[in-house]
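Please read the structure below before turning to the comments.
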Amino acid sequence: MSDLPAATRIAWLLVAALASVVVALLAFMLKRGSGTGQSEAVFVAGTAFAGCMVLCLGVLSAAFGT
C-alpha cells in the first residue's frame, strides 16, 4: 500500500473497518438470538470484529504490497 496515495489508503482502511463492523453486528445478533447473555454476545462480536479486521488488513497488504 506504500505506492498508493494517502486518501486511497484511508478509504480502503475505512472499507475494512466498516466490513468488520457489519460482521461484528451480525455475530452479535446471531449470538443474542440464540438466547445467550448480552455480555457473552458482546465478547463474541468483539472477537468477530478483530478477526475480520486482521483478515481484511492481511488481504489489503497482500493485494497492494508493502
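Accessible area of V21, 1.4 Å probe, to the nearest 10 Å²?
60 Å²
Computing the accessible area with a 1.4 Å probe over protein heavy atoms, can you report the carbon and sulfur percentage for the chain?
Carbon with sulfur: 76 percent of the solvent-accessible area.
When the helices in the chain are scored as -39500 (n - 2.57) per DSSP H run of 4 or longer and the sum is shared across all residues, what 222 nm value do you end up with, to the nearest 500 deg cm²/dmol?
Values: 2 runs with 55 residues, N = 66.
Value at 222 nm, helices only: -30000 deg cm²/dmol.
If you line up the long axis of helix 38-64 against the longest principal axis of the chain, both from Cα atoms, how many degrees apart are they, to the nearest 10?
Long axis of 38-64 versus the principal axis of the chain: about 20 degrees.
What value does the chain have for Rg/Rh, both radii from Cα atoms and Rh as Kirkwood defines it? Each step should come with its number before you reach the end.
Values: Rg = 14.6 Å, Rh = 12.8 Å.
Expressed as Rg/Rh, it is 1.14.
Name the residues of the range 11-27 whose amide N is less than 16 Å from a point 7 angstrom out from the Cα of A50 along the C-beta direction?
20-21, 24-25
Around T47, what is the net charge, scoring Lys/Arg as +1 and Asp/Glu as -1 over all other residues with Cβ under 14 Å from its Cβ?
0
The values are calculated or read from the model by the stated rules, or taken from the named source; none is laboratory data. No experiment lies behind these values; they were computed from the predicted model shown. All Cβ positions, glycine included, derive from the backbone under ideal geometry; neighbour counts span all protein chains shown. Note: areas computed on protein heavy atoms with side chains; ligands, DNA, RNA excluded. Shrake-Rupley method; radii C 1.70, N 1.55, O 1.52, S 1.80 Å.
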